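The values are calculated or read from the model by the stated rules, or taken from the named source; none is laboratory data. The structure presented is a predicted model; accordingly, all values stated were derived computationally and were not measured. Here the Cβ positions follow ideal geometry from the backbone for every residue, glycine too, while neighbour counts run over all protein chains shown.
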Amino acid sequence: MGGLSRRSMLKAAAGTAALGGLWAQGATPAQASGDVHRSVVDDAHMVWKRMPKGWQEGPFLANGFLGVQFYAGAQPNVLKVMLSHSRVQDQRGQWEAGIGYSRLPIGYLTLTFAGAITAVDWRLDLYNAELGGTITTTQGTVWFSALVHNDQDLLLVSLTGDAAAGWGFTPLKSATTRTIRKPPEYTANPDPKLASAGAVQYCEQPLHAGGGYTTAWRERTTGTRRLLAATVAYGFPEPTHTAEAISRVHRASATNPDRLVAGHRRWWNAFYRRSFVSIPDKRIQRFYWIQLYKTACATRSGGPVVAEWGPWFPEVGNSWTAVWWNLNVQVTYPIVNSSNHPELDAVTATFRRDHANLELSVPPGYRDGDTYALSHPGDWRLRPGGTRAVGIPGPATKNDQTGNLIWGLHNVWLAYRHSMDVRVLRDVLYPTLAKALNYYRHFLAAGPDGRLHLPMTRSPEYADAADCTYDLSLIRWAARTLVESAAKLRVDDPRVPAWREIGEKLVPYHQDPVQGVLIGDDVPLAESHRHFSHLLWLYPLREKLWDRPGDRDVMRRTFAHWSSAQDKWHGYSFAAASSMSSVMDAPEEALRYLKIFLDGTVVADTQLTPNTMYREGANLAIESPITAAQSIVDMLLQGDHSVLKVFPSVSATWPDASFESLRAEGAFLVDASRRNGVTEWIRVRSEAGEPLTLQHGIPGDIDVRDGRGRRLPWRAEGPGTISIPLGRGGTAVVSRRGARPDLGPCDVPGDRGTPAWGLGQEVR
């Protein structure tokens, strides 16, 4: 294989080439201009004109398991490449998960140059999930490309240029970085061992509990290029990790690199074609596509659910060393359904595989074989570790974890509703949700008013309360869902009357005439509260609906009171406020809340970072930016209670918008176009034959036709709303009477001169 041509090098240095691979020149954006899917993703690429200083600024790669970050080393001539892995954790279950099952730091590769680094010019090509560009030093310039292979836990890096550089590796101490409730008897895992096996170098890190993890790497020269392959392998309980890591690097080094890169690109290129979104605000549009990239980096259906850091480990760590099920997982995953990416749904797969571990979170006195709960933090196998369990409702024994499991299972419900796959309902949601509700059934008791009441629990992150709204909303949703699911599955379940009774007799939410729904019985919201726990019934559970006039007042009052004090809000608070505004027909407010977050506004020492990561203080968290992507979808498409709403909450500042294959509840795939402030056309494809009521919003008379242009029957249900008897596999196209629109997606006009995300300015 020949080296990169001088022309290719100049393209990379100028940032005009799509740095599409380690070994073969990729298509440029100009060459791909006829491909609208590629052009919008190319437009979302990120740039670095300055050397990033840490995870808050640096580019990131991952495949759901192996995570890599690039930023400055301790010396001016060093580039640091931080390695992390979502499966690398401790296995000392005698301690709670944040300690005993803690995620563990691995270490970092260093690329040390002969001269000090004076400039960088990097581009993160989302379409190919590859980072590339130049590193300029006092001794010359290096051109490089890097990727984390989609199908293998491999970091591949190609270097070309005249500035001498050498690779090294620095292991980090194999110990939890969590300090909260860290037991005095805790000791770090044994020291690492550096060694080599032929041309492969490796660092072996054993665990006290058995097994361990190994980082292995090898560089070889091919023509004018130096090619690095590095990996991290984990094994427990058997110590297979070192052999696996060495073997993986040997195989990569013996494989045609073009074949490796081609397989990687095929997955990512196909990934971006599963759906499409274009809006006039190109900064927000690019942010949306970056979040889809980030989500695919962070999670896969066969891998761990996302921890606070995703697959990336901040170098100094913090206390978020495990999986947080009290909000963080729950708000991360809705986007995988609406963007039509079920291959990223690790939540459903986790509950399917590891549901038996949920009994470990039940207090011992309530373990009857038919009761589940979910404590946090936990590990990705749903284990709480140690003696940690959810609280027992009551003043002396309560905690804020009683609702974790039902809220987590709402994500499984969303996966079912977006696919209508009865196996998800029958095998995962129904049996697990029944056991989750059983925990609450131990404590619900009839009061003098004949209503079922709940003893004191803790509304997450705020206050103790009897009849806690957070818990009541989840109980009510679970009872209703189980009754409906039993009917759907046609099972004669003797528990149905008890579930129905809960739904009928559960005490209503306690309210105030001004504040709306309270935290619980006689507990108002008296100060700013980042968590929207007492608003779950509004969103995402959608118990109350704006379409029902009788629901509007309580929705409006409760939201207005919560949003009146924002000084303690965090990123996900603004994302939730945006989505809540969207479902309450307030598009300008929805956009305003989204922009507050995306503009990098600092609130309560939290902020979206230049690379679209998110910091809380100095701590890394990834859920807020990802849930903000769902807020964007909520402006474009909503589907709930059998009503499909197209462009339900689009700002007047967005006269045009286009989307394709967004997935809605009922297993509908929806395409639509908005132009000059009105909806042009909508295409709905039904995968399950569910009832379809469509709020189309197309002015004037309409045509409704099938995929071949033949007229379909329909019935008016209200202004701009129709019902269509669309069978399984059927398609309906709705447009203005007599129009014959082009039904393809398009990248709508917008403010393309806004700078790219990353570090530095790039004028397009």
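Assorted remarks:
- Members of region 390-404 that are out of contact with any Leu (no Cβ under 8 Å at 6 or more places or on another chain) and more than 13 Å from Phe443 (Cβ to Cβ): Ala396, Asn399, Asp400
Every residue, every condition in (1) in a loop (DSSP other than H, G, I, E, B); (2) touching a Phe, Trp or Tyr at 6+ places or on another chain (Cβ under 9 Å), yes or no:
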position: His529; (1), (2): yes, yes
position: His534; (1), (2): no, yes
position: Leu538; (1), (2): yes, yes
position: Glu543; (1), (2): yes, yes
position: Asp547; (1), (2): yes, no
position: Gly550; (1), (2): no, no
position: Asp553; (1), (2): no, no
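- Of the residues making up region 180-201, those that are in contact with a Ser or Thr (Cβ under 6 Å, 6 or more places away or on another chain) and polar (S, T, N, Q) number 1.
- Matching option when the condition is over 20 Å from Asn150 (Cβ atoms) and charged (D, E, K, R), among Arg225, Arg248: Arg225
- So Asn399, is it closer than 19 Å to Thr457 by Cβ and surrounded by fewer than 24 Cβ atoms within 10 Å (Cβ to Cβ): yes
- Taking the listed residues Asn318, Asn357, the one that is without any contact (Cβ under 8 Å) to a residue 40 or more places away in the chain and more than 17 Å from the chain's Cα centre (by Cα) is Asn357, with no other qualifying.
- Tallying residues that are within 22 Å of Ala296 (Cβ to Cβ) and in contact with a strand residue (DSSP E or B) (Cβ under 8 Å, 6 or more places away or on another chain) within region 234-264 yields 6.
- Counting only strands (runs of 3 or more DSSP E) that sit completely within region 664-733, those holding 3 or more residues that are outside the structural domain of Tyr416 (by TED's automatic domain parsing) and farther than 24 Å from Pro749 by Cβ correspond to 678-686, 692-695, 702-705, 715-718, 721-724.
- Within region 101-114, tally of residues that are assigned to a strand (DSSP E or B) and under 21 Å from Trp324 (Cβ atoms): 1
- Scanning region 636-677 for residues that are within 17 Å of Ala586 (Cα to Cα) and of a type in the set (Val, Ile, Thr) yields Val646, Val650, Thr653.
- Any hit, region 242-265, residues being surrounded by fewer than 20 Cβ atoms within 10 Å (Cβ to Cβ), touching a helix residue (DSSP H, G or I) at 6+ places or on another chain (Cβ under 8 Å) and not basic (Lys, Arg): no
- Qualifying positions in region 555-576 - assigned to a helix (DSSP H, G or I) and over 18 Å from Ile622 (Cα atoms): Met555, Arg556, Arg557, Thr558, Phe559, Ala560, His561, Trp562, Ser563
- Entry remark, region 653-699: residues being out of contact with any Ser or Thr (no Cβ under 9 Å at 6 or more places or on another chain) and of a type in the set (Gly, Ala, Ser) number 2 in total.
- The criterion of being small (Gly, Ala, Ser) and touching a residue at least 60 places away in the same chain (Cβ under 8 Å) holds for Ala97.
- Output for region 440-492, where each listed residue is among the β-branched types (Val, Ile, Thr) and either part of a loop (DSSP other than H, G, I, E, B) or over 20 Å from Leu425 (Cβ atoms) (or both): Thr457, Thr469, Val491
- The set of residues from region 147-197 being closer than 22 Å to Glu244 by Cβ and either among the small types (Gly, Ala, Ser) or not assigned by TED's automatic domain parsing to the domain that holds Thr134 (or both) comprises Ser174, Ala195, Ser196, Ala197.
- Odd one out for Asp153 among (1) of a type in the set (D, E, K, R); (2) more than 20 Å from Ala252 (Cβ to Cβ); (3) within 35 Å of the chain's Cα centre (by Cα): (2)
- Filtered residues of region 663-689 (kept if crowded, with 19+ Cβ neighbours inside 10 Å and either more than 22 Å from Arg740 (Cα to Cα) or β-branched (Val, Ile, Thr) (or both)): Arg663, Ala664, Glu665, Gly666, Ala667, Phe668, Val670, Thr679, Ile682, Val684
- Scanning region 146-192 for residues that are more than 24 Å from Gly317 (Cα to Cα) and surrounded by fewer than 15 Cβ atoms within 10 Å (Cβ to Cβ) yields Asp151, Asp162, Ala164, Gly166.
Residue by residue, here is whether (1) under 21 Å from Asn411 (Cβ atoms); (2) buried (at least 21 other Cβ atoms within 10 Å of the Cβ); (3) more than 32 Å from the chain's Cα centre (by Cα); (4) at pLDDT 95 or above holds:
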residue	(1), (2), (3), (4)
Leu472	yes, yes, no, yes
Thr481	yes, yes, no, yes
Glu484	yes, no, no, yes
Arg500	no, no, yes, yes
Val514	no, no, yes, yes
Ile519	no, yes, no, yes
Arg530	yes, yes, no, yes
Leu536	yes, yes, no, yes
Leu545	yes, no, no, yes
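- Within region 361-396, the set of residues being exposed (fewer than 15 other Cβ atoms within 10 Å of the Cβ) and on the phi > 0 side of the Ramachandran plot comprises Gly369, Gly394.
- Evaluating Asp354 against the criteria (1) at pLDDT 95 or above; (2) assigned to a loop (DSSP other than H, G, I, E, B); (3) more than 25 Å from Arg476 (Cβ to Cβ) leaves one unmet condition, (2).
- Annotation note: Cβ proximity below 6 Å between a residue of region 728-750 that is within 16 Å of Arg683 (Cβ to Cβ) and a residue that is among the polar types (S, T, N, Q) (sequence gap 6+ or interchain) occurs for Gly730/Ser686; Pro741/Ser735; Pro745/Ser658; Cys746/Ser658.
- Among the candidates Phe169, Phe144, the residue that is free of Cβ contacts under 8 Å to residues at least 24 places away in the same chain and assigned to a strand (DSSP E or B) is uniquely Phe144.
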